[in-house]
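Read the structure below first, then the notes.
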Amino acid sequence: MRSEAKMTVVRKSMKEINVAATLERQLQFIDFGCGSGGSFSFAASLQPGEGLGIDTSSQMVETCKAKGISAQVGNLLEFEGRNVAVATFALDLLPELQGRLAFEKALTNLVRAARNYSVIQHSYFDADAELAVRGAALASNDHKRIQYKPNISDYLNFARRNGKALSLVGLGIFGLGSAAAEPINLESSAVGNDGSEALANTFRSLRVIFGRRDVGRFRSALQKAAAGKSLYIWENAA
């Protein structure tokens, strides 16, 4: 039993050493929730240079490595590195976390890990409430993997509460793409909207960019990562 416990400690220590050794390099970006590597390629297109993919799935990590992508098993909720890369990315990851507390912890860890900026992207959940009262919905917003639906107010409130502690100097929010709403079909309805007004397109995705410490670097990040329609821009030039 003692031998098994000792080996467990050794394996854990070696894993921590490997992660630390990676983070000591001059990383340009970290892609949290890298999956099979698609989001890693996107991150590399915005912040070229050495990057690291992190995913909770060892299978996804091995898939990335087979493609020549530097990747390690890890969890954003447990990540303690600070200022370890120029930029950090989380694409379609935050909605898979269970609840607001997990969302805010992950977002805090994501921003703290970046020296200059962080990019978040996921489905446009702000459309849900408006479409629902008009008798429509976006089918993609109810995927079984979705545990929490961050919206614009979540990011604004996060910046308001944590701006000083995280040295935030900027926030950009953008609506991307187009998604067609579908009518909500119930078995019977005595009163309701027929949904005809709701079948217009809405944004497919929300992209959020946080800037840290330097407004000039935040503006540079916006030039790289801004896309779609600008919904909200804030800068703290003080």
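The values are calculated or read from the model by the stated rules, or taken from the named source; none is laboratory data. Being a predicted model, the structure only gives us computed values, none of them experimental. Backbone-built Cβ (ideal geometry, glycine too); neighbour counts: all protein chains shown.
Scan segment 57-116 for residues that are of a type in the set (S, T, N, Q) and within 14 Å of Phe32 (Cα to Cα) and jot them down.
Residues of segment 57-116 of a type in the set (S, T, N, Q): 57-59, 63, 70, 72, 75, 83, 88, 98, 108-109, 116.
Selection gives Ser57, Ser58, Ser70, Gln72, Asn75, Thr88, Thr108, Asn109.
Just a yes or no: is a residue in segment 190-200 part of a strand (DSSP E or B), of a type outside the set (Ser, Thr, Tyr), closer than 13 Å to Leu131 by Cα and at pLDDT below 95? Steps first, please.
Step one: filter segment 190-200 for residues part of a strand (DSSP E or B), giving none.
No: segment 190-200 contains no residue that is part of a strand (DSSP E or B), of a type outside the set (Ser, Thr, Tyr), closer than 13 Å to Leu131 by Cα and at pLDDT below 95.
Condition first: among the basic types (Lys, Arg), in contact with a strand residue (DSSP E or B) (Cβ under 9 Å, 6 or more places away or on another chain) and more than 30 Å from Glu182 (Cβ to Cβ). Can you find one or more residues in segment 89-109 that meet it? Step through it out loud before you land on a result.
Just the residues of segment 89-109 that are among the basic types (Lys, Arg), to begin with: 100, 105.
Checking the rest, the ones that are also in contact with a strand residue (DSSP E or B) (Cβ under 9 Å, 6 or more places away or on another chain) come to none.
No, every residue in segment 89-109 fails to be among the basic types (Lys, Arg), in contact with a strand residue (DSSP E or B) (Cβ under 9 Å, 6 or more places away or on another chain) and more than 30 Å from Glu182 (Cβ to Cβ).
Give me the strands (runs of 3 or more DSSP E) completely within segment 36-151, filtered to those with at least 3 residues that are among the basic types (Lys, Arg), ordered by residue number. Before the answer, list the steps.
Numbers: elements: 51-55, 71-73, 85-91, 114-123.
It comes to none.
Exactly one of these conditions fails for Ala165: (1) without any contact (Cβ under 8 Å) to a residue 40 or more places away in the chain; (2) over 17 Å from the mean Cα position of the chain (by Cα); (3) buried (at least 18 other Cβ atoms within 10 Å of the Cβ). Give me its number.
All conditions are met except number (3).
Report, ordered by the first and then the second residue, all pairs with beta carbons closer than 9 Å, sequence separation of six or more or different chains, a first member in segment 126-137 that is touching a residue at least 24 places away in the same chain (Cβ under 8 Å) and within 12 Å of Ile152 (Cβ to Cβ), and a second member that is β-branched (Val, Ile, Thr) and surrounded by 18 or more Cβ atoms within 10 Å (Cβ to Cβ).
Within 9 Å, the pairs are Asp126/Thr202; Ala127/Thr202.
Please verify whether Ile146 is within 15 Å of the chain's Cα centre (by Cα), modelled with pLDDT of 85 or more, under 20 Å from Arg219 (Cα atoms) and not small (Gly, Ala, Ser), treating the condition exactly as stated.
Working: within 15 Å of the chain's Cα centre (by Cα): yes; modelled with pLDDT of 85 or more: yes; under 20 Å from Arg219 (Cα atoms): no; not small (Gly, Ala, Ser): yes.
For Ile146, the condition - within 15 Å of the chain's Cα centre (by Cα), modelled with pLDDT of 85 or more, under 20 Å from Arg219 (Cα atoms) and not small (Gly, Ala, Ser) - is not met.
Is it true that some residue in segment 18-30 is modelled with pLDDT under 50 and either buried (at least 21 other Cβ atoms within 10 Å of the Cβ) or part of a helix (DSSP H, G or I) (or both)? Steps first, please.
If we filter segment 18-30 for residues that are modelled with pLDDT under 50, which is where we start, we get none.
No, because not a single residue in segment 18-30 is modelled with pLDDT under 50 and either buried (at least 21 other Cβ atoms within 10 Å of the Cβ) or part of a helix (DSSP H, G or I) (or both).
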